[in-house]
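What follows is a short report on a single structure.
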Amino acid sequence: MAAIRSLSHLLRQGLHLNAATLIPKTAPICQTRCMAQKGMTKPHPTLDLDALETTVTDMQSGKYKRKTVRYAESDQSTVLTHDQIVRKFIVLIMKGGNKDTARRIMDKTMEEIKRRQVREFHRATESQKLQIITDPRKIFNQAVNNLKPVLLVTSVKRGGIAYQVPVPCPEKRQLFEAMKIIKAALAEKTNSRIPFHEKLATIIMDAAEFKGKAMDRKIEILKNCERNRAYAHFK
Amino acid sequence: MAATREVALLVGQIHKHKPLIRCSLIIQKYCMCTGSQQPQLTHREVQRSGGIVTNKYGEPLAVELVLPKPSLKNYCADFEEELKQHEIKYAHQLAQYKKARGHLQNIIGLKQMSTLNRNRSLKNLFPSGLFEPKARPMFRKPFLKPIRSSVRTDGRPSHYLFYTSKPRYYEVMNAIALKLEHIQRYEEFMVSQGISKPSSEAMMSWADGGRPMTLKTFQKKCGHISTQDYLRFVLLLQKTVVQPYSYIHRDWINQFRRFFDRTRPPKDKKEPKIHVDEKGRQYSVAEGKKKTSLARVKLFVKGTGEVTVNGKPMVAYFPKALDREQLLSPLDVTKKLTTTDVEAEAILGGHRSQARAIRIALSKCLTVFVSEEEREMLRLAGLFKRDSRIRERKKPGQKKARKKHTWKRR
C-alpha cells in the first residue's frame, strides 16, 4: 500500500496531486460494468467540433481508423458552452428528471462566476490581468480536479466489527466523489438567505483556489483515512 | 324405400368406426329428425347395413351382427364418397362466401375489392378489441384441405415411403444419398484407374456460387417439414456438392439449389434521394425515430436557415433551449446552419424525443448533400444511430420496472 504510506507527505504537499501518481499501476483502476441495455458497450461519441474535424484530416492523409460509437445523448450538442463535466454535474443536481431547471441554475452559476471574474479583471493591474481566468468552465473543471479525493474509506466486516478501511479511489469514481463533495457543501445551512446559484458560485471559486467549505470536506475525508491507517492491511 | 337406402348408406359409413348399438341410436335420431318412418329392413338390407333390425314396435335392435368384411372395394367406395361430400361442403362454403362478398362490396360501394381493402372495411364494420388477431372477425375465402388417397386400388400405400410419415421428404433425401454414393463410387473407380483428381476445368465449371434452396421452396416441394429436417437436407446437399466428381450429376443436383446473378449491381443502400421542388429547389426526405416519436424531415439545400416544425417556427414549437440545440447539431457539424431550410413533421412522444427523432432524420437527409468526410463526422458524432431503448414495463409484485417493495420478514 504505497498510497497510504505517502499520505502524510501528500497532505504536506498541498493535496492536489494526481491520483495516477499514487495508485500502483498493477491495481485495477476501474472495473468494467455490464449493463443489460442495448449498445451500451460502445464508446460515447464526441460532439466537439475541433475533435471531429481532426478526423477529416486523418481521412485525407490515410491514417484514419474506423470505429463504432454509441448514439449521441439528448443533452449532447455542438453548442460552444457545452462541457462534458458540467453536463455530468447538471445530471447530479437534477431533481425529478427536471433537467431544464437544473441547466438553468447551472447557466446562472456560470454567469455569476464570469461576472465576478470580469470585475476582478478590470480592477487588477496590467501584470495581474494575465493570471486571472475568466472562463467559468475552466474554473469549474479546476475546482472539480482539486476536490478529487485520492483515498476513501470503506467499511469491512471482520469478526463482527466493521472497520473503516482506507482504499485508493478509482479514477472514474474520483470525479463523482468530487461532485458529491460540492453537493454536500451546498446542503450546509447558512444564516443569510443566498440564492442557490450564488452559493454554488462561491463554493466553486473557493475550491479552485484550494479553500472553502468543499475543500475542508475533502481534507476531512483524507484525515479520516489517515486516522484509520492501521486497518489498511484489510481487504 | 329411399329413406332406408339413405340410412343404410349412413350406417355403412359409420359402422367401421363405431359400435353397433350406437349405430342404432343414430338411426333413431335420424328418423326423428327427418320425420320419416323407422326402417323396416329386409334381411339383405340388414346384411348390407351391418345387421340392424327393428322389433315389432319399430325400435331398432342390434340383433344379427353380420358385419361386412372390410374389403378394399368398400374402402375405395368410402373414399370416393368422402371426397364427394368434401367437395359438396366446399362448394356450399364457396357459394356462401361469394354471396357475402357481394354484400360487402355493396355496402362499401366498390365493384372490385382487393383483399387488403376488404380486410380494412371489415375492421371498420366490425370493430373488435380482442387481443388475439385470430379471434377477431375475419373474411376469408374458404380453404379446401385436400384429401389425397394414400392407398392404391390393391390396398397398399401408393407411396413406398408411406410409413415414414414424410414420404416426399424422405424420397428426396434418399435420392440425394444414392447420388452421393454413386459419385463416391465413381471417384474410387477413377483412383483405381490412376487418376487422382478430375481436370481443373470440370472442377471450375462447378464453382458457380449456388446455394441450397430456401426452406420455403423446399416446403413447396416436400410438404410441410420442420427446420431441423431442412438443416439435415442442407447438410446432405452440401456434402454432395463438395465431392470432387459431383459435376457428373450437376444438372440433377441443381434442381435443389438456387443461384444469384453476380453481374447484377447490388441493391442501393437506404439513402434518401434528391428530389426537385416545383420552384426548382433541391430537397431530400428522411425519417427518424426515438421512443414512440416519429419524425419526417424535408431538407432544402439552398435556403436562409429557416426551420419549421409541424408548421410552426422552431422557437415556438420547442420553447426549451435543450431541444433546439439538439435538433440543430447535425447542421452545425456540417456548417449548413444558415444556408439550408428545414421542414419537419413530428408526431407522438414528448418534446425531447421528438427533437431527437428530427435530429436523426435531419442527419440522414444531409448525407446526400455532404462530402464523405462530413458524413463520417456525422457518424462519429453519433447522429445517425437510433437510441433503441424504450420504456420498460412495470412488473406485478414490484413497485416499478426494477424497484421492489421493502422487504419484511413478517
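The values are calculated or read from the model by the stated rules, or taken from the named source; none is laboratory data. The model shown is predicted, which means the values in this text are computed figures rather than measured ones. As a convention, Cβ positions derive from the backbone with ideal geometry for all residues, glycine included, and neighbour counts pool all protein chains shown. These area figures cover heavy atoms from the full protein model, side chains too; ligands, DNA and RNA do not enter into them. Shrake-Rupley method; radii C 1.70, N 1.55, O 1.52, S 1.80 Å.
Being assigned to a loop (DSSP other than H, G, I, E, B) and exposed (fewer than 13 other Cβ atoms within 10 Å of the Cβ) narrows it down to one residue among A:Ser127, A:Ser155, A:Ser192; which is it?
A:Ser192
Name every residue in the range A:167-189 that is among the charged types (D, E, K, R) and part of a helix (DSSP H, G or I), in order of residue number.
Across the range A:167-189, the qualifying residues are A:Glu171, A:Lys172, A:Arg173, A:Glu177, A:Lys180, A:Lys183.
In the range A:55-63, is there at least one residue being touching a helix residue (DSSP H, G or I) at 6+ places or on another chain (Cβ under 8 Å), more than 11 Å from chain B (Cβ to nearest Cβ) and in a loop (DSSP other than H, G, I, E, B)?
Checked the range A:55-63: no residue is touching a helix residue (DSSP H, G or I) at 6+ places or on another chain (Cβ under 8 Å), more than 11 Å from chain B (Cβ to nearest Cβ) and in a loop (DSSP other than H, G, I, E, B).
Taking the residues in the range B:314-326 that are at the interface with chain A (Cβ under 9 Å from one of its Cβ atoms) and not basic (Lys, Arg) as candidates, determine which candidate is surrounded by the fewest Cβ atoms within 10 Å (Cβ to Cβ).
The residue in question is B:Ala321.
Just to check your reading of the model, which residue among A:Lys95, A:Lys63, A:Lys88 is in contact (Cβ under 8 Å) with a residue 12 or more places away in the chain, open to solvent by 60 Å² or more (accessible area, probe 1.4 Å) and of a type in the set (D, E, K, R)?
Of A:Lys95, A:Lys63, A:Lys88, the one residue that is in contact (Cβ under 8 Å) with a residue 12 or more places away in the chain, open to solvent by 60 Å² or more (accessible area, probe 1.4 Å) and of a type in the set (D, E, K, R) is A:Lys88.
Residues of the range B:342-359 being open to solvent by 20 Å² or more (accessible area, probe 1.4 Å) and either among the acidic types (Asp, Glu) or within 11 Å of chain A (Cβ to nearest Cβ) (or both), which ones?
B:Glu343, B:Glu345, B:Gly350, B:His351, B:Arg352
Tell me, yes or no, whether the range B:256-269 has at least one residue that is closer than 30 Å to B:Thr164 by Cα and open to solvent by less than 60 Å² (accessible area, probe 1.4 Å).
Yes, because at least one residue in the range B:256-269 is closer than 30 Å to B:Thr164 by Cα and open to solvent by less than 60 Å² (accessible area, probe 1.4 Å).
Tell me yes or no: at least one residue of the range B:385-394 is more than 8 Å from chain A (Cβ to nearest Cβ), at pLDDT 85 or above and not in a loop (DSSP other than H, G, I, E, B). Outline the logic, then answer.
Of all residues in the range B:385-394, those more than 8 Å from chain A (Cβ to nearest Cβ) come to B:390-394.
Now drop any that are not at pLDDT 85 or above, which leaves B:390-394.
Right, trim to not in a loop (DSSP other than H, G, I, E, B) and you get none.
Within the range B:385-394 (the criterion being more than 8 Å from chain A (Cβ to nearest Cβ), at pLDDT 85 or above and not in a loop (DSSP other than H, G, I, E, B)), the answer is no, since none of the residues qualifies.
Residues being open to solvent by 100 Å² or more (accessible area, probe 1.4 Å) and part of a helix (DSSP H, G or I): count how many of those fall in the range B:117-130.
3
Hey, can you tell me all the residues within the range B:360-382 that are facing another protein chain (nearest Cβ under 8 Å) and either touching a residue at least 40 places away in the same chain (Cβ under 8 Å) or of a type outside the set (Asp, Glu) (or both)?
B:Glu374, B:Met377, B:Arg379, B:Leu380, B:Ala381, B:Gly382
Mind listing whichever residues of the range A:130-152 are outside any helix (DSSP H, G or I), surrounded by fewer than 16 Cβ atoms within 10 Å (Cβ to Cβ) and among the charged types (D, E, K, R)?
Listed by number, the list holds a single entry, A:Asp135.
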